[in-house]
Each structure stands twice: as C-alpha cells, then as structure tokens.
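Down below is the structure, laid out as structure tokens.
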Ligand SMILES: [Ca+2]
C-alpha cells in the first residue's frame, strides 16, 4: 500500500511536470490554459491526498510497532514502561508517544492488563492507572476528565481508596491480583501506556 502510494505520487508528479512544460506552447488558447490550470489544481489536490495517506500509514506502522513490543487488548495496544516515574511525568511520557496512561474500562480488560504487567514486570509491582481525583476528592475521573465507571478498588483486606486528599492518583497492583489502590501522585511508579487503534 505504501509503495503503491509512492508510485502513484511519482506518476502524478511526472504528469504535473509534463503539464507545466506544455503550458507555454499553448499560451494562445486561453481556454486550454484554464483547463491546464484546473488539471494542475486537481493533481495538487490528489498529491495532498496521497501525502495524507502516507502520513496515516506511518502512524499505523508506529502503532503496529507499539503493539508488537507490547500487547494488544481489544481495540487498544498497551506498552509497559518499567522505569519508575511520578504520575504526571509518566503521563507526559505516554502522551509524547501518542498515548495516555492505561485505563481499563472493563473487568476483562483489567484482567488482561494485570496478566500483561505480571508477565512483563513480575508479581510484586504497581503501575499507574490513568485516573485521579485531584479536582474533587472522591470523584475519580479519567485522563479526559470523564467520570470513571469501571473501578476495581481493593476492598477485602483494606478499604480502597483510603488515602483521602493525600492520595489522588491510582495504581494497579499485581500483588493484589490486579486490584487498585489510591496513591500519592508524587510517588514514582512503573506504568503502562495505552494507544487506541484507529
Ligand atoms: Ca483522593
């Protein structure tokens, strides 16, 4: 698809070049000149469309590389980062790669994320989740500011979230089989970035 796009692009450039060369000899015919201008505009538009396709293909290839390095769960790719960072820095790192901090929205997605983290980083690790209650204590929102519907707080041994105003970010714990804990956003934790597959 990529190479075909490049071939078409080269053909169009050749045609555009040819049209430009023909223009002087047909200067006398205003009608034809107008026709050529319209044809050139059309070619320019087609070249722009192809360039847009090439950009999209590059983005898809980048996403495929993320999926290959990480894991694919439903319509998202997840990539674990074992370097420990604060919540904000971790999220900035994810955004720089075109993603956000992982935010499972169903029990099945949470289970698969937990399995991936356990496999990649071991049975005693905590990773940041893309949710927080910074703005309004106890009101947990995702990275877009929307209220979080699916939650998986640990409530059997402890009563999460239990950190009040000092714990406004959340982690998924492999020690607790994928259950969530609230945590101080300043603490440095490993994290997982998620990327939506277009
Ligand atoms: Ca809180």
Exercise for the section: Mind grabbing the base-10 log of I(q)/I(0) for region 97-198 at q = 0.20 Å⁻¹? Debye formula, identical points on the C-alpha positions, no solvent, two decimal places. Expected result: -1.03
Problem - Potential extension, residue 82-residue 155 segment - 0.36 nm per residue separation minus Cα distance - result: 23.6 nm
Problem - Estimated FRET transfer efficiency when R0 is 22 angstrom, pair residue 93-residue 135 (beta carbons, to 0.05) - result: 0.50
Problem - Cα-based Rg and Dmax for region 39-146, where Dmax is the largest Cα-Cα distance (Å) - result: 18.4, 64
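Each value in this text was obtained by applying a stated rule to the coordinates, not by laboratory testing. Here the structure is a predicted model, which means the values were calculated and not measured. Counting neighbours? That spans all protein chains shown, and the Cβs are built from the backbone with ideal geometry, glycine included.
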